[in-house]
Amino acid sequence: MTNLLLTIDAGMVDWARAQFALTAIYHWLFVPLTLGLAVIMGIIETKYYLTKDVFWRDAAKFWQKLFGVNFAMGVATGIILEFEFGTNWSNYSWFVGDIFGAPLAIEGIVAFFMESTFVAVMYFGWKKVSPGFHLASTWLTGLGATISAWWILVANAWMQYPVGCEFNPDTMRNEMVSFFDVALSPFAVSKFCHTVTSAWIIGAVFCVAVCSWYLLKKRETRLATESMKIGVTVGLVASVLAAATGHKSGMDVAEVQPMKLAAMEALYNGGTGQGLTAVALVSPFSQPDYANDEGAPYKLEMPYALSVMGTNDPNGYVPGINDLLNGYTTPDGKRVPSADEKIAMGKKAIAALAAYRAAKKSGDEAKAATELATLQKNMKYFGYGYIRDKSELVPYIPVNFWAFRIMVGMGCLFLLFFGVMFLLSYEIPLLSVLTRRLLAAFGIIPETEADVTRLTGLPAWHYWLAILLVPLAYIASESGWLVAEFGRQPWTIQDMLPTWAAVSDLHSSSVMITFILFLVLFTTMLAVEINIMLKQIKKGPEYESDKQLNSK
């Protein structure tokens, strides 16, 4: 692998990362809406099944149309994303393909075929199957999409926290030793729960925005008010769950990716009882001087909150960037090596691997056994042997710091928004009246609306605010992925394989050309989807009950 690194075009790493980021960002524009709308259309069809009111069937068909347009676009971008592992990241695929390929294969064979099968029944089976079977198909379509997300996130979580594997020096590959450790990794469970609940938020925001547009235009009033009730309920529950699962994800990051947490917080020197920064003067355009800086200037923080987020203890110890680079001792006496020590151990592991293979080739079993023991002793830090300078171990702080605050800030905004809209949507005695009177006192709703629940009577800016939250929801979601992936740098696989050791031996110009092609293609696909969605929303639902009435 060392010789291969010398032949790789330096620009190839940047273009390969850029192309993968481009594909992933566009793909993630479609996936969360698919997961979120699956829940909403499932609830709406369930109401039809329970009430037999044809209005709910017509409403379910309307939301399923929007789901279908988005679902198709997500499939197209997802397939390209998986192919890029073989084209641009062949060293990665060779090194860990036995492990990483397993969840992707299961996703394609089980989850994708499951959702593809039942989505056909959902769209074309209204008059061909029983209402119960059709309802099951609708929920199974959403479940298939969610299971698909599970296996994709298992694969991604393994890159963040590699478990259930051993390195085989004879094949030069990491091999799976425990499928269940990979599939049920605590990191994977936390990532899945947080990602899916955040996707439900996007689906709920989209639903409320569509309903707000109808109320703004004073049309499809029943569809808008009834669907909005479901949307705000899903959004409120999802916002609470996203906050809870986000806390668990923060604890996981603090345990297995402490440098990511330090970069998210711009924390240079850690300690016990650390506060969480609300805002600070961190430049978004340059990497701070972590070696000399004592911390972010002009910082406003919440006392003890970072220790609570990272350790669930207000007095818990959280290491900073300098601690992680220079080495430190935890309060319980555990010694954590410095970056220089890890790099030295990594180089020992690489040298021992080369010596082991040479000894095996020459038939010197005693020498091979000695070198294998040295390799196994230092294998934990194998990836550090490819690190050229310890400064490379620090992720780009501005992106992590600000993306994390955008994600959390937007999450708090959505929690407040859905909470208020929930109280405005449902007639909850006393609590609802008091809330509306309080909103009226601050001028948020008219005085005439203080004692009644009428979504149709809200000022126009309420509806515009709901519509404007759609891009903010996507910004929050993409910010979460920026933290997850930028915070992992310089690793493709945490502590095991640096990014520049994972790429294919290609010339950067070939990747640059496909990057431009994908940029044009994906942008066109996004424009087409938005155009189709807007046309469907403008057209509105088709009421089967009206058709029956006119035919008579």
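The values are calculated or read from the model by the stated rules, or taken from the named source; none is laboratory data. On a predicted model such as this, the values are computed, not experimentally measured, just so you know. Quick reminder, even Gly has a Cβ in these numbers, built from the backbone with ideal geometry, and neighbours come from all protein chains shown. For the accessible areas, the whole protein counts, side chains as well, though only heavy atoms, and no ligand, DNA or RNA atoms are used. Shrake-Rupley method; radii C 1.70, N 1.55, O 1.52, S 1.80 Å.
Observations on the structure shown:
- A Cβ distance below 7 Å, combined with a sequence gap of six or more or placement on separate chains, defines the contacts here; from region 137-156, residues that are free of Cβ contacts under 8 Å to residues at least 24 places away in the same chain reach residues that are open to solvent by less than 10 Å² (accessible area, probe 1.4 Å) in the pairs 137/122; 137/125.
- Counted residues, region 175-189 - those being surrounded by 22 or more Cβ atoms within 10 Å (Cβ to Cβ) and in contact (Cβ under 8 Å) with a residue 60 or more places away in the chain: 2
- When restricted to residues that are hydroxyl-bearing (Ser, Thr, Tyr) and open to solvent by less than 30 Å² (accessible area, probe 1.4 Å), region 75-98 contains 2.
- Filter result for the condition that a residue is in contact with a helix residue (DSSP H, G or I) (Cβ under 6 Å, 6 or more places away or on another chain), within 21 Å of residue 342 (Cβ to Cβ) and open to solvent by 30 Å² or more (accessible area, probe 1.4 Å), over 360, 390: 390
- The residue that is nearest to residue 256 (Cα to Cα), counting only those in region 294-339 that are within 27 Å of the chain's Cα centre (by Cα) and of a type in the set (S, T, N, Q), is 311.
- Residue satisfying condition, being closer than 30 Å to residue 499 by Cα and at pLDDT 85 or above, within set 16, 59: 16
- Every pair of residues 6+ apart whose Cβ atoms lie under 8 Å, when the first sits in region 519-532 and is within 11 Å of residue 70 (Cβ to Cβ) and β-branched (Val, Ile, Thr) while the second is open to solvent by less than 70 Å² (accessible area, probe 1.4 Å) and modelled with pLDDT under 90: 532/69
- Filter result for residue 478 (at pLDDT below 90, more than 30 Å from residue 382 (Cα to Cα) and not hydrophobic (A, V, I, L, M, F, W, C)): no
- Among the residues listed as 538, 552, the single one being open to solvent by 60 Å² or more (accessible area, probe 1.4 Å), at pLDDT 85 or above, over 30 Å from residue 393 (Cα atoms) and out of contact with any Phe, Trp or Tyr (no Cβ under 7 Å at 6 or more places or on another chain): 538
- Members of region 311-361 that are part of a helix (DSSP H, G or I) and basic (Lys, Arg): 342, 347, 348, 357, 360, 361
- Any hit, region 108-123, residues being under 22 Å from the mean Cα position of the chain (by Cα) and either β-branched (Val, Ile, Thr) or surrounded by fewer than 19 Cβ atoms within 10 Å (Cβ to Cβ) (or both): yes
- Checking each residue in region 491-513 for being in a helix (DSSP H, G or I) and surrounded by fewer than 18 Cβ atoms within 10 Å (Cβ to Cβ) picks out 509, 510, 512, 513.
- Any chance residue 41 is at pLDDT 90 or above and open to solvent by less than 40 Å² (accessible area, probe 1.4 Å): yes
- Being of a type outside the set (Phe, Trp, Tyr) and within 31 Å of the chain's Cα centre (by Cα) holds for only one residue in 362, 391, and it is 391.
- Taking the criterion of being hydroxyl-bearing (Ser, Thr, Tyr), open to solvent by 10 Å² or more (accessible area, probe 1.4 Å) and at negative phi, the residues of region 303-347 that qualify are 311, 317, 328, 329, 330, 338.
- Residue 404, sole failed condition from (1) in a helix (DSSP H, G or I); (2) at pLDDT below 60; (3) open to solvent by less than 30 Å² (accessible area, probe 1.4 Å): (2)
- If the condition is being assigned to a helix (DSSP H, G or I) and open to solvent by 20 Å² or more (accessible area, probe 1.4 Å), then region 44-67 contributes 46, 47, 48, 49, 50, 51, 54, 57, 61, 65.
- Screening residue 371 with (1) modelled with pLDDT of 90 or more; (2) of a type in the set (Asp, Glu); (3) within 20 Å of residue 260 (Cα to Cα) gives one miss only, at (3).
- Residues considered: 72, 145, 157, 136. Of these, the only one that is open to solvent by less than 30 Å² (accessible area, probe 1.4 Å), touching a Phe, Trp or Tyr at 6+ places or on another chain (Cβ under 9 Å), farther than 20 Å from residue 21 by Cα and in a helix (DSSP H, G or I) is 145.
- Screening residue 245 against (1) among the hydroxyl-bearing types (Ser, Thr, Tyr); (2) modelled with pLDDT of 90 or more; (3) open to solvent by less than 20 Å² (accessible area, probe 1.4 Å) leaves a single unmet condition, (3).
- Of the residues screened, residue 546 is not one that is part of a loop (DSSP other than H, G, I, E, B), open to solvent by 50 Å² or more (accessible area, probe 1.4 Å) and at pLDDT below 90.
- Checked against (1) open to solvent by 40 Å² or more (accessible area, probe 1.4 Å); (2) touching a strand residue (DSSP E or B) at 6+ places or on another chain (Cβ under 7 Å); (3) among the hydrophobic types (A, V, I, L, M, F, W, C), residue 102 passes all but a single condition, namely (1).
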